[in-house]
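This report refers to the structure that appears directly beneath it.
Laboratory data are not the source of any read-out in this text; all were calculated from the coordinates shown. Owing to the predicted nature of the structure, the values given are computational and were not obtained by experimental measurement. Methodologically, a virtual Cβ is constructed for each residue, glycine included, from the backbone with ideal geometry; neighbour enumeration extends over all protein chains shown.
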Amino acid sequence: MLSGPNVLLALLGSMGVLVAVLSGLALPHYPILPQARREGFRERLQRKLDQADFQLEAMDFLRVTLILAIGLGIVAYVLTGIPTAAFIGAIGAVVGYWTFLQDRRERRRREYQEALADAVDVLQEAVSTRQSLNSSLAVVAKHCSVAVRGDFEEIVARITAGEEIANALRLIAQRRRDVMCDRFAEALIAYSTEGGKLLPILQALSEAVRGLAAVRRRVATTQSRIRWEARVVCLAPFVFIIILRFTAPDLQGPFYSTVWGQLALIVIACMCGGAYYLMNRMGAKALDPIESINTVA
């Protein structure tokens, strides 16, 4: 009898949280890439490498991945003596290197958003002293964090060279593909094109950026321990097989040399890989509603 009101209260509470998040992101939208084209695989990979601050070109990353796959495949075969283990080891190297890239990209994104929030605060102070937007951006470029300094220096350099501020902001947003960088670009493009009051927009933008960075930080903290536990659990069966190779070869060798043993190893690898993939996808879903607001496809 009491479950109905409790469910209703829980639903109302969750709706309140959703409204609070969306209201923090309810900033003026202005088309920053009206004719965005679809990227190819190489372009998407290069963008991810740039966002993760990897000093590699896309083709170099693929070459390193191939070398790691071959190396780990050989190591897996030597340690286990099982031909299938070489293939599984190669796949594990590819997945592991890609996971490393994704984790580093997420860390850099949090750092960028937190630095962007500080940069917006500096821009607010400069604008409040009745400086022009161009001169205020120059002030930000001198005093902002290293994580965003390159972007602001590029914006100032393009403006100084006579380029329109809207185009400079579009180029930065296109390269970053970050939801809050998009909001920042939209706000300044709308102001430079249509005028209006900039300070209220910057204040709302600063609050939204800090809110999103805080959400990312909490999600990352919660997921960190779970991810390491999942990695240990997924690697445990293969470590056990290696231990058997050196402690009980008469037990390990005869079984895994058969077709059924090879199939069993493949099933184990699929189960571990599937579980790890689902765990990462479920964790990423926490930020999907926010990332989907990004106007840059």
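Values as computed for the structure displayed
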read-out	value
Residue-by-residue Karplus 3J(HN,Hα) for the stretch 58-68, coefficients 6.51, -1.76, 1.60, Hz, glycine and proline x	4, 5, 5, 4, 5, 5, 4, 4, 5, 4, 5
Gain in span if fully extended, Lys142 to Leu235, counting 0.36 nm per residue against the direct Cα distance	28.7 nm
Cβ-based net charge around Ser206, under 12 Å, with every Lys or Arg adding one and every Asp or Glu removing one	-3
Relative contact order of the stretch 41-291, pairs being alpha-carbon contacts under 8 Å that are 6 or more residues apart, as %	19
Met180, Met59 arranged by Cβ crowding within 10 Å, fewest neighbours leading	Met59, Met180
Derived scalar couplings ³J(HN,Hα) [the stretch 146-153; Karplus, 6.51 cos²θ - 1.76 cosθ + 1.60; whole Hz; x for Gly, Pro]	4, 4, 10, 4, x, 5, 5, 5
For Leu123, Leu235, Leu198, Leu68, order by how many other beta-carbon atoms lie within 10 Å, fewest first	Leu235, Leu68, Leu198, Leu123
